[in-house]
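**Q** My structure is below; once you've seen it, I'll send some questions.
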């Protein structure tokens, strides 16, 4: 991602009739980011602004997602014109990741290592129904899905761009 914005939420669908939206959270700190008064900017895959900012009127957890109400959006018709819109904030306004964390856009291209040996390259991270995540890994031209949780994910080294995993026996051969 080259732009000045980092993705923090993606519109899933309108909720109800009065302008609330269900969003998928793309940040570890939604309670700090999806707050009243925060400007969210529609962005493209490169982190570049593609529209005018919208201001969060209120946000709250909703099952495994969040409900967000934007100022000036008082019915669902506006939200229906924003399918799958991704919202970002300036990168300098977010808490930087720790050494053992990655931004979502940093996952593709990261080496995946088992027992000190590079076995593949991460191509993405998928959010599954129920809130679990799987790491998409290209292993010799095949896509392998690796549960993205401890104890399978042993270590993330952001500076070295490495994700060390200890997958169950046979997982990488599937």
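**Q** Of everything in segment 29-59 that's within 10 Å of residue 8 (Cα to Cα) and touching a residue at least 60 places away in the same chain (Cβ under 8 Å), which residue is surrounded by the fewest Cβ atoms within 10 Å (Cβ to Cβ)?
**A** Among those residues, the one meeting the criterion is 29.
**Q** When you look at residue 82, is it farther than 30 Å from residue 138 by Cβ, in contact (Cβ under 8 Å) with a residue 12 or more places away in the chain, in contact with a strand residue (DSSP E or B) (Cβ under 6 Å, 6 or more places away or on another chain) and assigned to a strand (DSSP E or B), yes or no?
**A** Working: farther than 30 Å from residue 138 by Cβ: yes; in contact (Cβ under 8 Å) with a residue 12 or more places away in the chain: yes; in contact with a strand residue (DSSP E or B) (Cβ under 6 Å, 6 or more places away or on another chain): yes; assigned to a strand (DSSP E or B): no.
Spelling it out, it is not the case that residue 82 is farther than 30 Å from residue 138 by Cβ, in contact (Cβ under 8 Å) with a residue 12 or more places away in the chain, in contact with a strand residue (DSSP E or B) (Cβ under 6 Å, 6 or more places away or on another chain) and assigned to a strand (DSSP E or B).
**Q** Kindly check whether there is at least one residue in segment 114-123 that is closer than 30 Å to residue 143 by Cα, in the same structural domain as residue 148 (by TED's automatic domain parsing) and part of a loop (DSSP other than H, G, I, E, B).
**A** Yes: one or more hits.
**Q** Further question: Filter segment 110-136 down to the residues that are farther than 17 Å from residue 29 by Cα, surrounded by 12 or more Cβ atoms within 10 Å (Cβ to Cβ) and in contact (Cβ under 8 Å) with a residue 24 or more places away in the chain and list them by number.
**A** Passing the criteria: 110, 111, 112, 113, 114, 119, 120, 122, 135.
**Q** Could you give every pair whose Cβ atoms fall below 9 Å, whose first residue belongs to segment 137-159 and is outside the structural domain of residue 124 (by TED's automatic domain parsing), and whose second residue is surrounded by 15 or more Cβ atoms within 10 Å (Cβ to Cβ) and in a loop (DSSP other than H, G, I, E, B), counting only separations of at least 6 or pairs across chains?
**A** none
**Q** Another question, then. What number goes with the only condition from (1) modelled with pLDDT under 95; (2) closer than 25 Å to residue 129 by Cα that residue 48 does not pass?
**A** The one condition residue 48 does not meet is (2).
The values are calculated or read from the model by the stated rules, or taken from the named source; none is laboratory data. Being a predicted model, the structure only gives us computed values, none of them experimental. FYI the Cβ positions are ideal-geometry reconstructions off the backbone, even for glycines, and counts take in every protein chain you see.
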